[in-house]
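Read through the structure below, which is laid out as structure tokens, and then see the notes.
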Amino acid sequence: MARDNLSDILVFFTVARERSFTRAAAKMGMTQSALSHIIRGLETRMGVRLLTRTTRSVSPTEAGERLLQNVAPKLTEIETEIAAISELGNQPAGTIRITAIDHVINNILWPRLLPLLKAYPDLNLEFSSDYRMADIAAERFDIGVRWGDQLEGDMIGVRLTEDMRLLVVGSPGYFERRPLPHSIQDLQKHNCVGLRLASGAVYAWELTHEGRTVEFRPRGQLVFNSVYQMLQAALDGVGLAFVTEDLAAPFLRDGRLISVIEDWCPHFPGLHAYYPSRRHSSKALELVIDALRLVR
């Protein structure tokens, strides 16, 4: 295939992974019409349709899926090798792409990585805030963040936090109108704030009691797709939120929130940064991982 087609193939990868010309255009800083023109030209030159387009979605054809599965990893490997070669000098350089939820980016990743930006001007960081289990290899992220028990076997995990607990919290004003819950049955009578995941499902609270895990599906007036809005709703006395202890801690200390049914609230095995095992890890990636690593 002509070398000129490589940039067009990269455009195809973005559209195919996003399943949307709109999202791909926003991600690449291009217009939808320009992306559509590039894809049509690539399909014409290859003599095969790569994408199936409907009014609501875009998905790879069989040929497109084959291109995505077989060629994308090779291009990623080439990019990794080029980055490694370019870093034979003294200064780490290049872009490290990281996916995590907004709370983790703001409160864990950003404070640890900010000093690197000042110290290494050729290092670039790209953050993607997303409430889903991203396939970082397929989507060409360098680093993702998950709970320790969610790491896949082919990934290298680096601990970011100690084990953490999720808490059910509400404001004193809320509990002036409603009794304190003491069990999962009591929660069913409360206005519980939901979290909409990228999959479209509302997150089921994973509660534990006497060694067993129970999924509680929150019901109430509000559903958000960010923990920050959930927390704010709890602070405003609208309902109960299920958030990590570190997020709620400042408000528990000053009395603006109250933690309830703590004997039902689970501990999780800490947040971990994870990344694919590669033959050559760039200096930039090593630098970022070392900065993120929990120091005990």
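Considering (1) in contact with a His (Cβ under 9 Å, 6 or more places away or on another chain); (2) closer than 18 Å to Q221 by Cα; (3) modelled with pLDDT under 90, say which one L197 fails and leave the rest.
(1)
When H190 is evaluated against the numbered criteria (1) modelled with pLDDT of 95 or more; (2) more than 22 Å from D263 (Cβ to Cβ); (3) not aliphatic (A, V, I, L, M), which criterion, by number, is the only one it fails?
Status for H190: all satisfied but (2).
Going through region 239-293 one residue at a time, which ones are in a loop (DSSP other than H, G, I, E, B) and within 17 Å of H103 (Cα to Cα)? Even if it seems obvious, please write down each step before you answer.
Initially, region 239-293 is screened for residues in a loop (DSSP other than H, G, I, E, B), giving 239, 254-257, 261, 265-266, 269-270, 277-282, 293.
Matches in region 239-293: G270 only.
Determine, yes or no, whether V104 is part of a helix (DSSP H, G or I), touching a residue at least 60 places away in the same chain (Cβ under 8 Å), out of contact with any Asp or Glu (no Cβ under 6 Å at 6 or more places or on another chain) and surrounded by 19 or more Cβ atoms within 10 Å (Cβ to Cβ).
Numbers: part of a helix (DSSP H, G or I): yes; touching a residue at least 60 places away in the same chain (Cβ under 8 Å): yes; out of contact with any Asp or Glu (no Cβ under 6 Å at 6 or more places or on another chain): yes; surrounded by 19 or more Cβ atoms within 10 Å (Cβ to Cβ): yes.
The answer is yes for V104.
In region 234-293, how many residues are closer than 30 Å to M155 by Cα and of a type in the set (G, A, S)?
So the answer is 7.
Somewhere in region 203-218, is a residue among the hydroxyl-bearing types (S, T, Y) and either surrounded by 15 or more Cβ atoms within 10 Å (Cβ to Cβ) or over 23 Å from E162 (Cβ atoms) (or both)?
The answer is yes; a qualifying residue exists.
Can you name every residue in region 5-32 that is part of a loop (DSSP other than H, G, I, E, B) and either at pLDDT 80 or above or not assigned by TED's automatic domain parsing to the domain that holds P60 (or both)? It would help to see each step written out before you state the result.
Step one: filter region 5-32 for residues part of a loop (DSSP other than H, G, I, E, B), giving 19-20, 29-31.
Hits for region 5-32 are R19, S20, M30, T31.
Which of the residues spanning region 107-140 are assigned to a strand (DSSP E or B), surrounded by fewer than 16 Cβ atoms within 10 Å (Cβ to Cβ) and either touching a residue at least 60 places away in the same chain (Cβ under 8 Å) or among the acidic types (D, E) (or both)?
E126
Any idea how many residues of region 207-228 are more than 19 Å from the chain's Cα centre (by Cα) and either of a type in the set (D, E) or part of a loop (DSSP other than H, G, I, E, B) (or both)?
Selection size over region 207-228: 9.
The values are calculated or read from the model by the stated rules, or taken from the named source; none is laboratory data. Treat the numbers as computed from the prediction; the structure is a model and nothing was measured. Don't worry about glycine lacking a Cβ; one is built from the backbone with ideal geometry, like all the others, and counts go over all protein chains shown.
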